[in-house]
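Trainee: Have a look at this one before I ask anything.
The values are calculated or read from the model by the stated rules, or taken from the named source; none is laboratory data. All values reported here derive from a predicted model rather than from experimental measurement. Glycine gets a Cβ as well: all are built from the backbone with ideal geometry, and neighbour counts include every protein chain shown. Calculation scope for accessible area: heavy atoms of the full protein, side chains included, ligands and nucleic acids excluded. Shrake-Rupley method; radii C 1.70, N 1.55, O 1.52, S 1.80 Å.
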Amino acid sequence: MRHMGKKMCERKETEVLFSLMRAALRQEFEAPLAWADGCDAEKLDAMIRRQSLVTMVYPVIARQRGAEWDSLRKSLKDCFARETHRGITQEYEIGCLLEDLEKDGIDCLPMKGWIMRNYYPDPLMRSMTDLDVLVKDMDSRKMQEWMEAHGYHPNHIEQEVHDTYIKPPYMYIELHRRLMEKGLLERQRTTWREKRLASLWQKMYLLEGKSHLYRFSDEDFLVHHLLHFYKHFTGPGVGIRPLADLYLFLQKNQQTLDQEYLKNQLEELHIAAFSEQMKRLALVCFEGQELDENAWLILDYLIHTGIYGDYATLAVSHLFWDREKTAAQSRRHFFLSQCFWPLSMMKGRYPRLHDAPWLLPVYWLLRIGRIVFREHYKLSGFCRAVRNATQEQCDNMRKVYSAAGIEMR
């Protein structure tokens, strides 16, 4: 996490970016946009890419006139073409995959970006990295055979929350067995996950005309979106796109949501205050209202971490939430957690453990050797970030969390 006390977010670039996003979301292509004095085209270009907003804002940029806009349009043109091709390919592949899940009688529920993109004026405006699907009674070995028969290659199998599959050039599928990591829910002091899973598979939630494809209720979809937003906000960072998601969802559904149910769910998860702050911030940003310093503090944080977050923010977050640990203890804990995976996860990486689980200690030693001698780069970024983290950064994170309504214990 960059130290925002010394290096504030590029506010001129942020202002122009939000003007582009507002025009895109409202489909206001004709009105010319002003280029803010002091806005740097290269910084704005990098910001748009880092936030994964090329397909959203490029159609607006393409209609602007002026030297600065010309420069930005030229630099993003090829990226827009690639991302549009990715989106079209994903639409086709995901449609086929969901049809086959329905045909083969596999009860499942598509989640996150695949659903959220339908709230955009054009689904291709909302780029996706992966497809998330919750599978009822998830059997990893059975689903691996099924996915391989459909041309997908296993990436990480039998992880705590989901199994992942890839299919070049663009497809990355996460088959979920759970809605959220156990560790996060323990930190939130709730058993919400188990209760939610038990209530999802009701006939009233089947998609129209389907027998095995389910949907969230609007309320549960919003709760899951906010919890996922919170998870990344308090981890490696998450970027500003979830604010656009939230704004569009509420624009369509605000008047019909069961507010009492939402209130109870968010309070059980201890994210009610965070949710209200994010709703308020989304409204301010996309209605063009003036941003106060708390709003800027949160936006500085979201802009700098980017849509995928970074090791530096994750390291400071680890130190913040594990205040009883020193930096050395945090590094050691992270290393051990990467080496000593539980048996369920190790089976996915080392299939022989399915039939010989007593060999787990041997495979732990093999994994340690692989990490130390072949994959040390996976740990070095995090460990270096923890070593470089300062008390000042933790104090700044406390200010950001406070402004965002995050309950700190």
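Trainee: Checking residue 164 against (1) under 21 Å from residue 114 (Cα atoms); (2) touching a His at 6+ places or on another chain (Cβ under 9 Å); (3) in a helix (DSSP H, G or I): exactly one of these is not met. Which one?
Mentor: For residue 164, the failing item is (3).
Per-residue answers, yes or no, for (1) more than 21 Å from residue 123 (Cα to Cα); (2) out of contact with any helix residue (DSSP H, G or I) (no Cβ under 8 Å at 6 or more places or on another chain); (3) surrounded by 21 or more Cβ atoms within 10 Å (Cβ to Cβ):
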site: 236; (1), (2), (3): yes, no, yes
site: 240; (1), (2), (3): no, no, yes
site: 259; (1), (2), (3): yes, yes, no
site: 263; (1), (2), (3): yes, no, no
site: 278; (1), (2), (3): yes, no, yes
site: 282; (1), (2), (3): no, no, yes
site: 289; (1), (2), (3): yes, no, no
site: 292; (1), (2), (3): yes, yes, no
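Trainee: Within 23 Å of residue 250 (Cα to Cα), open to solvent by less than 70 Å² (accessible area, probe 1.4 Å), part of a helix (DSSP H, G or I) and modelled with pLDDT of 95 or more: does that describe residue 86?
Mentor: For residue 86, the condition - within 23 Å of residue 250 (Cα to Cα), open to solvent by less than 70 Å² (accessible area, probe 1.4 Å), part of a helix (DSSP H, G or I) and modelled with pLDDT of 95 or more - is not met.
Trainee: Can you name the condition, by its number, that residue 207 falls short on among (1) farther than 23 Å from residue 341 by Cβ; (2) in contact with a strand residue (DSSP E or B) (Cβ under 8 Å, 6 or more places away or on another chain); (3) open to solvent by less than 20 Å² (accessible area, probe 1.4 Å)?
Mentor: Residue 207 satisfies every listed condition except (3).
Trainee: Is it true that some residue in segment 72-92 is among the aliphatic types (A, V, I, L, M) and within 30 Å of residue 146 (Cβ to Cβ)?
Mentor: Among the residues of segment 72-92, at least one is among the aliphatic types (A, V, I, L, M) and within 30 Å of residue 146 (Cβ to Cβ), which makes the answer yes.
Trainee: Every residue in segment 344-395 that is aromatic (Phe, Trp, Tyr), modelled with pLDDT of 75 or more and surrounded by 12 or more Cβ atoms within 10 Å (Cβ to Cβ), please.
Mentor: Hits for segment 344-395 are 363, 364.
Trainee: In addition: Go through segment 38-66 and give me each residue that's in contact with a Ser or Thr (Cβ under 7 Å, 6 or more places away or on another chain) and charged (D, E, K, R).
Mentor: If the condition is that a residue be in contact with a Ser or Thr (Cβ under 7 Å, 6 or more places away or on another chain) and charged (D, E, K, R), then 45 is the only one that fits.
Trainee: So the check is Cβ under 9 Å with 6+ separation or different chains; which pairs have a first residue in segment 109-122 that's more than 16 Å from residue 247 (Cβ to Cβ) and open to solvent by less than 10 Å² (accessible area, probe 1.4 Å) and a second one that's part of a loop (DSSP other than H, G, I, E, B) and not hydrophobic (A, V, I, L, M, F, W, C)?
Mentor: Once the first residue is more than 16 Å from residue 247 (Cβ to Cβ) and open to solvent by less than 10 Å² (accessible area, probe 1.4 Å) and sits in segment 109-122, its partners that are part of a loop (DSSP other than H, G, I, E, B) and not hydrophobic (A, V, I, L, M, F, W, C) give 109/136; 109/215; 110/215.
Trainee: Consider residue 319 carefully, then state whether it is on the phi < 0 side of the Ramachandran plot, outside any loop (DSSP other than H, G, I, E, B) and in contact (Cβ under 8 Å) with a residue 60 or more places away in the chain.
Mentor: Here the answer is yes, as residue 319 does meet what is asked.
Trainee: Here is a follow-up. Please go through segment 173-195 and give me each residue that is open to solvent by less than 40 Å² (accessible area, probe 1.4 Å) and under 20 Å from the mean Cα position of the chain (by Cα), ordered by number.
Mentor: Those that are open to solvent by less than 40 Å² (accessible area, probe 1.4 Å) and under 20 Å from the mean Cα position of the chain (by Cα): 173, 174, 175, 176, 179, 180, 184, 185, 188, 192, 193.
Trainee: Can you go through 247, 214, 308 and tell me which one is among the hydroxyl-bearing types (Ser, Thr, Tyr), modelled with pLDDT under 95 and under 19 Å from residue 114 (Cα atoms)?
Mentor: Checking each option against the conditions leaves just 308.
Trainee: Is there any pair with a first residue in segment 49-77 that is at positive phi and open to solvent by 10 Å² or more (accessible area, probe 1.4 Å) and a second that is assigned to a helix (DSSP H, G or I) and not acidic (Asp, Glu) whose Cβ atoms are under 8 Å apart and which are 6 or more apart or on different chains, and what are they?
Mentor: 52/241
Trainee: Can I ask one more? Give segment 197-237 a look and list any residue that's within 13 Å of residue 262 (Cβ to Cβ) and assigned to a helix (DSSP H, G or I), or say none.
Mentor: Across segment 197-237, the qualifying residues are 218, 219, 220, 221, 222, 223, 224, 225, 226, 227.
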